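Contents: one structure, followed by commentary.
The values are calculated or read from the model by the stated rules, or taken from the named source; none is laboratory data. The structure presented is a predicted model; accordingly, all values stated were derived computationally and were not measured. So basically every Cβ, Gly included, is an ideal-geometry build from the backbone, and we count neighbours across all protein chains shown.
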Amino acid sequence: MLSKKASCDSHGEDSSYFVGLQEYEKNPYDHVHNPSGIIQMGLAENQLSMDLLESWLAKNSDVTGFKEKEGSIFKDLARFQDYHGLPTFKKELAEFMEEIRGKRVRMDPNKIVLTAGSTSANETLMFCLAEPGECFLIPTPYYPGYDRDLKWRTGVEIVPIKCWSSNQFRITKSALEEAYKQAHNQLNLNVKGVFITNPSNPLGTTMSKQEFDIVINFCMTKSIHIISDEIFSATVFTSPNFISILDVLHQRNLQDFGNFVHVVYSLSKDLGLSGFRIGMIYSYNEKVISAATKMSSFGLISSQTQHLVSKILGDKKFMKCYMKENAKRLKRRHKMVVSKLKMIGIPCLRSNAGLFCWVDLRHLLSSNTFEAEFVLWNKILFDIKLNISPGASCHCSEPGWFRICFANLSEEMLCVSMQRMKVFVETFCGHRRYESSTCISRKSLGLKWDDPTGSSKEIVVKFDLILFVVFLMHVINRFLSGMSRNSI
């Protein structure tokens, strides 16, 4: 007999987001061996600047060989080190965080808790700040993995702050208050805080000063926490620039509220090191630091990884060049994707950060429902073989929005994916034009336009036969009329 945790189905793997990833693994695209396979556009991974890191490693073979002036340090790294992080690594990480935040706020290495990726960091904060059955408010749409990361083992609930396309999915005071009321009055949940992602995943936008003020003022009034997931902070490729919540606290002189603010960061997105599992919590709250440090023993970063990355971060000249070039490449790739989608007739939300576009496919829905969105997603995944993430998996308030990732693909794969999408849209629109041209005749004949049963094809076939007969009779009548006029 297994435990309840092992037997429960609350992990979220049945989400279309995870299903898409699984289907890709079964049938991955390869331009030589499997050109008709699925192209992965559902993975927010940064591979655009991997060559820069590989070049640095080739020039610094002593680092990968664990050699220093005194000789090999392999034995030292292989033995037990400080469980909670090498001091040199935490120092370099703090300085890097200062750099990408414009050096507006000093980062203290002693306020850093290292974790095995941001997944571990987010879950650790849930354990520190909330009890099972309590909740955090999160603006929608949000990263589908949060349903797993924040809820599964902790028992903490998520209540959505519903945002809408009418204002580019920005957080509003009314939406925040409505979510709080829903949690308290309808769901009977104790709200422990607000969880934000900045830059946003999946929107690819940075938070505005107004949004920060709304969230901070609200949380100060309620004496609840703020968690700011900032793992995409160095992926900003155009204005407005990234502003950390730590910057806002400093600007507003809100040090007293600092105990309620906690930042999550990782090198998975900014440096493309998702496999290295480097995450961290930054907090001014000493009790949170203490508790999170103890919990981090269950998700450590290897000493070898810390040593290698500390050397990369410590090369300030290289890192400056890397960040500049990476932003340039992200901007170029983003522009390429947006322009190609625009040519196809697909608009995107205006964005300035991240590894993805938030794409508007509402015009391709058969109806304004999430059921229609699911049908469209199925067609895109299984017919044209593109794995993109539907808005429903991100808890979007409106059907028809999708996340398309662009930084994990080669340019060749991107062109293939855009060509597939182009053919799909043209075929779809051609079908729509045909349906529109016959719409009045369908209604006049009393036939249903939509048939939720499986007999819609039969109705279309019967209808087309009727149309053909009507057309044929019309031609015959005109022919006979012409003959009668000629005989006169």
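Region 229-327 holds helices (runs of 4 or more DSSP H) entirely within its bounds, and those carrying 2 or more residues that are within 20 Å of Leu150 (Cβ to Cβ) map to 286-295. Within this structure, Trp152 fails the test of being among the aromatic types (Phe, Trp, Tyr), in contact (Cβ under 8 Å) with a residue 60 or more places away in the chain, over 20 Å from Ala291 (Cβ atoms) and out of contact with any helix residue (DSSP H, G or I) (no Cβ under 7 Å at 6 or more places or on another chain).
Whenever a residue of region 342-361 is over 19 Å from Leu271 (Cα atoms), its partners that are assigned to a helix (DSSP H, G or I) and of a type in the set (S, T, N, Q), lying with C-beta atoms within less than 9 angstrom and at least six residues away or across chains, give the pairs Leu349/Ser165; Asp360/Ser165. Taken over region 344-401, the residue count meeting the criterion of being part of a loop (DSSP other than H, G, I, E, B), among the charged types (D, E, K, R) and closer than 23 Å to Thr206 by Cβ is 2. Residues being among the hydroxyl-bearing types (Ser, Thr, Tyr), under 30 Å from Lys26 (Cβ atoms), surrounded by fewer than 18 Cβ atoms within 10 Å (Cβ to Cβ) and touching a residue at least 40 places away in the same chain (Cβ under 8 Å) are entirely absent from region 368-381.
Out of region 135-153, which residues are among the aliphatic types (A, V, I, L, M) and under 11 Å from Ile196 (Cα atoms)? Let's see the steps before the verdict.
Residues of region 135-153 among the aliphatic types (A, V, I, L, M): 137-138, 150.
Hits for region 135-153 are Leu137, Ile138.
Within region 151-193, the set of residues being in contact with a Pro (Cβ under 8 Å, 6 or more places away or on another chain) and either over 20 Å from Trp358 (Cα atoms) or assigned to a helix (DSSP H, G or I) (or both) comprises Thr154, Gly155, Val156, Ala175, Ala179.
Within region 122-133, at least one residue is closer than 23 Å to Gln306 by Cα, outside any loop (DSSP other than H, G, I, E, B) and touching a Lys or Arg at 6+ places or on another chain (Cβ under 8 Å).
Quick grid of which residues meet (1) of a type in the set (Ser, Thr, Tyr); (2) in contact (Cβ under 8 Å) with a residue 40 or more places away in the chain; (3) over 17 Å from Ser389 (Cβ atoms):
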{"position": "Met1", "(1), (2), (3)": "no, no, yes"}
{"position": "Ala6", "(1), (2), (3)": "no, no, yes"}
{"position": "Asp14", "(1), (2), (3)": "no, no, no"}
{"position": "Gln22", "(1), (2), (3)": "no, no, no"}
{"position": "Lys26", "(1), (2), (3)": "no, no, yes"}
{"position": "His31", "(1), (2), (3)": "no, yes, yes"}
{"position": "Ile39", "(1), (2), (3)": "no, yes, no"}
{"position": "Glu45", "(1), (2), (3)": "no, yes, no"}
{"position": "Asp51", "(1), (2), (3)": "no, no, yes"}
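Between Ile216, Ile281, Ile245, Ile227, the distinction of being under 21 Å from Glu177 (Cα atoms), buried (at least 24 other Cβ atoms within 10 Å of the Cβ) and either in contact (Cβ under 8 Å) with a residue 12 or more places away in the chain or β-branched (Val, Ile, Thr) (or both) belongs to Ile227 only.
Conditions (1) among the acidic types (Asp, Glu); (2) within 18 Å of the chain's Cα centre (by Cα), marked per residue:
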| residue | (1), (2) |
| --- | --- |
| Pro35 | no, no |
| Met41 | no, yes |
| Asp51 | yes, no |
| Phe66 | no, no |
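Taking the residues in region 347-362 that are within 16 Å of Met41 (Cβ to Cβ) and over 14 Å from the mean Cα position of the chain (by Cα) as candidates, determine which candidate is surrounded by the fewest Cβ atoms within 10 Å (Cβ to Cβ). Among those residues, the one meeting the criterion is Asp360. All of Val63, Val105 fail the test of being assigned to a helix (DSSP H, G or I) and at pLDDT below 95, apart from Val63.
Taken over region 24-45, the criterion of being in a helix (DSSP H, G or I) and touching a strand residue (DSSP E or B) at 6+ places or on another chain (Cβ under 6 Å) is satisfied by Tyr24 alone.
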